[in-house]
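Shown next, in structure tokens, is the structure this report addresses.
The values are calculated or read from the model by the stated rules, or taken from the named source; none is laboratory data. Predicted, not measured: the structure shown is a model, and the values here were computed from it. Every residue, glycine as well, gets a Cβ built from its backbone with ideal geometry; the counts of neighbours run over all protein chains shown. We work out accessible area using only protein heavy atoms, side chains counted, and drop any ligands, DNA or RNA first. Shrake-Rupley method; radii C 1.70, N 1.55, O 1.52, S 1.80 Å.
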Amino acid sequence: MKKIKISIYVTMLGLAMAAAPVFTSCEDMLEEKPYDFISPDDVPDSDEGADMWATGVYETLHSAMFRYGNMPRPLDYDCDYVSGATWQFDQFGNGNFQGSNNHCDVMWTGMYSLINRANEAIAEINKMENLTPAHRNNVLGECYFLKAWAYFMLVRAYGDIPVYSVSVNESQQYTSSPRIPIKDVYTQTIIPLLLDAKDMLYTNTDTGFEPGRVCAASAAGLLAKVYATIASAALPAGEIVTVRTGKQFVMQNINGTDTKVYTEPVPKDFAKDQVAGYESFDSHEYYQLAYDVASDVKKGLYGTHNLEPYDLVWSNEGKGCSEHLFSLQSKSGDELYGTLFSYHYCGKYNAEGHIDNSLTVGNSKHWYLLFDEDDYRVDKGVLHCWIREGSDTSWGGGSYFPNFGKWQRMVENREAPFNNPEVTAGWRCDEGGSEQFFAFTTKYSQQVTDQTLQRTDANYPFLRYADVILIMAEASNELKGANEEAIGLLNDVRKRSNAVPRELKDYSTKQALRSAIIEERAMEFAMEGDRRWDLIRWGIYLQAMNALEGTDVCGNVKTRSNKHLLFPLPTLEILTNQAISSNNPGWS
């Protein structure tokens with residue numbers, strides 16, 4: 001393929017720039033205007049100046065990824081339990097990862113923009129002479145963490161990837177960067193960065209720690225997740241994972257009309273495929289590493305963190321609680337720092353309290369049926385009652401979900417909230433494949449200050465303490481087989497959500513408890529960007545997606561083939577990078 005030589009300073013790094021926007025704190029970052037750029041020469045040689053560089057790296061999450069609504073689509077839309085309107089899922093959600101919406105491209109350019117910004121910050125901070133030692137370590141640790149996280153996102157999505165140790169400004173090298181093998185990306189870049197970061201960052205109990213920024217447990221927790229990803233992917237082919245799944249609907253003739261009838265999920269045993277690029281890792285070694293680091297986090301070696309009460313975790317006040325180890329920080333109504341995803345996931349309300357825009361992405365009935373009825377994650381964590389402007393108000397109706405169990409009884413008995421006097425004609429829950437009825441999450445709506453705005457202050461969580469606990473449970477089971485410690489850790493997460501505890505006698509084999517832990521992750525981290533990557537690392541992505549037998553209830557195509565195991569590199573990267581001659585298998 002003929003390469004294109006370009007003279008502008010924007011290639012696959014997307015936002016490489018001579019001067020970065022800089023802020024003194026995360027709160028300050030959310031107050032500044034997005035066009036406030038200053039010269040590095042204007043940044044004071046002080047702890048405050050170092051903060052400017054570090055928080056400028058966080059800003060890239062918005063400016064390069066979330067601002068225009070492209071993210072978190074590549075994280076959430078390609079999995080077995082998430083569904084929604086076909087127009088919302090568009091090409092990417094239907095398996096065309098090279099569609100004109102460019103969602104995969106934003107993943108690539110955004111992460112490399114963050115890496116470039118971090119490299120710039122590291123270089124500038126290292127020039128400073130008047131920093132206190134602890135603060136120097138902390139701001140450098142933040143940059144190391146953010147680089148490691150970006151590379152972790154990239155290596156899982158794209159496989160072999162280029163690695164940059166300095167900024168484009170410094171190297172002047174952006175058109176001849178070869179892809180580095182997966183193993184080397186982990187062992188030579190991601191893991192060393194996190195090993196340094198976890199010992200450099202403030203703990204959340206240090207006086208210098210600022211809520212909203214990462215801390216020592218963030219780095220240690222991410223390191224445990226990296227180790228567990230390697231360990232599970234390195235397990236040989238043939239290991240069994242049981243998933244409750246299946247075709248989401250069948251067509252039945254009801255009163256002379258072909259009608260979609262929703263099904264219940266059934267257990268299916270999937271034999272693991274070997275995950276390419278991880279064959280030479282020692283699974284047992286990396287599970288031991290994952291266990292040790294997660295255990296250290298749990299013991300408090302990296303600060304004080306807890307499984308916080310459910311209501312606190314998903315509240316506006318709880319955004320900075322100890323459970324949230326790393327999240328996108330946001331600001332209500334702001335053009336740059338206000339997030340768009342929440343109105344698709346949770347709906348935008350008008351002054352009358354009616355949904356007047358989106359609410360078109362949710363979890364399937366199959367996902368809902370994984371839970372006990374009184375589990376907070378569906379009892380409180382799912383929107384059960386709403387009124388859509390137009391489609392409901394036009395006939396005096398309202399909408400609800402699900403149409404079974406206690407919620408159906410409450411509808412029939414007109415119990416609150418179904419005694420709303422606005423609803424004069426009745427409540428509906430259409431299971432005919434309508435895009436208007438899913439298990440819509442309330443995680444983000446409970447965080448939001450003003451749900452009448454399109455851009456809200458919903459924070460998107462990238463890493464929570466619950467993840468560390470379930471990683472520890474997974475590692476304990478894989479190292480020792482089903483045991484009391486592993487199921488106890490699993491139950492710590494379940495009890496917090498009022499779920500019925502699992503009993504070891506019912507999960508007495510490694511395979512059974514493994515499957516329960518993976519299922520718990522699907523329940524706990526729904527709409528948090530984890531499910532696709534869990535299916536990939538366990539080598540069951542193709543089996544899980546194709547178990548849906550073609551489409552979901554809305555008609556979104558869920559059939560997947562080997563090419564979908566990796567995202568395609570952006571076309572511009574192939575055209576401009578002299579060291580890359582072809583795309584990932586199956587992509588042009």
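Observations on the model:
- Selection from region 167-197 of residues that are open to solvent by 30 Å² or more (accessible area, probe 1.4 Å) and closer than 18 Å to V297 by Cβ: L195, D196
- Any hit, region 36-52, residues being open to solvent by 20 Å² or more (accessible area, probe 1.4 Å) and either closer than 23 Å to V155 by Cα or at pLDDT below 50 (or both): yes
- Residue in region 394-406 that is in contact with a strand residue (DSSP E or B) (Cβ under 9 Å, 6 or more places away or on another chain), part of a helix (DSSP H, G or I) and of a type in the set (D, E, K, R) present: no
- Residue match in region 458-469 (condition: hydroxyl-bearing (S, T, Y) and either without any contact (Cβ under 8 Å) to a residue 60 or more places away in the chain or surrounded by fewer than 17 Cβ atoms within 10 Å (Cβ to Cβ) (or both)): no
- Any hit, region 205-217, residues being part of a helix (DSSP H, G or I), in contact (Cβ under 8 Å) with a residue 60 or more places away in the chain and out of contact with any strand residue (DSSP E or B) (no Cβ under 8 Å at 6 or more places or on another chain): yes
- Among the residues of region 311-328, the ones that are open to solvent by 40 Å² or more (accessible area, probe 1.4 Å) and not hydrophobic (A, V, I, L, M, F, W, C) come to 4 in all.
- Yes/no for D492 being open to solvent by 10 Å² or more (accessible area, probe 1.4 Å) and not in a loop (DSSP other than H, G, I, E, B): yes
- Matching residues in region 61-89 - criterion: being within 19 Å of the chain's Cα centre (by Cα), of a type outside the set (F, W, Y) and open to solvent by 30 Å² or more (accessible area, probe 1.4 Å): S63, R67, N70, R73
- Any hit, region 540-559, residues being of a type outside the set (D, E) and within 23 Å of W149 (Cβ to Cβ): yes
- None of F270, F281 is part of a loop (DSSP other than H, G, I, E, B) and of a type outside the set (G, A, S) except F281.
- Top-ranked residue in region 394-409 [being closer than 14 Å to L383 by Cβ and hydrophobic (A, V, I, L, M, F, W, C); ranked as least open to solvent (accessible area, probe 1.4 Å)]: F401
- Meets criteria (under 18 Å from T229 (Cα atoms) and acidic (D, E)) for E484: no
- Members of region 154-166 found to be open to solvent by 10 Å² or more (accessible area, probe 1.4 Å) and either among the small types (G, A, S) or in a helix (DSSP H, G or I) (or both), listed by number: R156, S165
- Single condition I230 does not satisfy, out of (1) of a type outside the set (S, T, N, Q); (2) open to solvent by less than 60 Å² (accessible area, probe 1.4 Å); (3) part of a loop (DSSP other than H, G, I, E, B): (3)
- Qualifying residue in region 545-563 (condition: of a type in the set (D, E), part of a helix (DSSP H, G or I) and out of contact with any Ser or Thr (no Cβ under 8 Å at 6 or more places or on another chain)): no
- Given (1) over 17 Å from I536 (Cβ atoms); (2) in a loop (DSSP other than H, G, I, E, B), number of the condition A237 does not satisfy: (1)
- Of residues in region 204-260 being among the aromatic types (F, W, Y) and over 30 Å from K510 (Cα atoms), the one modelled with the lowest pLDDT: F249
- In the condition set (1) touching a Lys or Arg at 6+ places or on another chain (Cβ under 6 Å); (2) of a type in the set (S, T, Y); (3) closer than 27 Å to E519 by Cβ, T60 is compliant with all but (3).
- Of all residues in region 411-440, those satisfying the criterion of being open to solvent by 10 Å² or more (accessible area, probe 1.4 Å), outside any loop (DSSP other than H, G, I, E, B) and in contact with a strand residue (DSSP E or B) (Cβ under 9 Å, 6 or more places away or on another chain) are V411, G426, W427, R428.
- When region 530-581 is filtered for residues that are at pLDDT 95 or above, surrounded by fewer than 17 Cβ atoms within 10 Å (Cβ to Cβ) and of a type in the set (G, A, S), the ones remaining, listed by number, are G550, S561, A579.
- Hey, S515 in a helix (DSSP H, G or I), closer than 25 Å to R464 by Cβ and touching a strand residue (DSSP E or B) at 6+ places or on another chain (Cβ under 7 Å) or not: yes
- Residue list for region 441-451, filter: in a loop (DSSP other than H, G, I, E, B) and surrounded by 15 or more Cβ atoms within 10 Å (Cβ to Cβ): T442, K443, Y444, S445, Q446, Q447, V448, Q451
- Candidate set: region 495-512, residues that are of a type outside the set (K, R), part of a loop (DSSP other than H, G, I, E, B) and touching a helix residue (DSSP H, G or I) at 6+ places or on another chain (Cβ under 9 Å); chosen: the one surrounded by the most Cβ atoms within 10 Å (Cβ to Cβ): S497
- Of everything in region 471-484 that is surrounded by fewer than 24 Cβ atoms within 10 Å (Cβ to Cβ) and among the aliphatic types (A, V, I, L, M), the residue that is nearest to G221 (Cα to Cα) is L479.
- Among (1) open to solvent by less than 10 Å² (accessible area, probe 1.4 Å); (2) over 15 Å from the mean Cα position of the chain (by Cα); (3) not hydroxyl-bearing (S, T, Y), the one test that M107 misses: (2)
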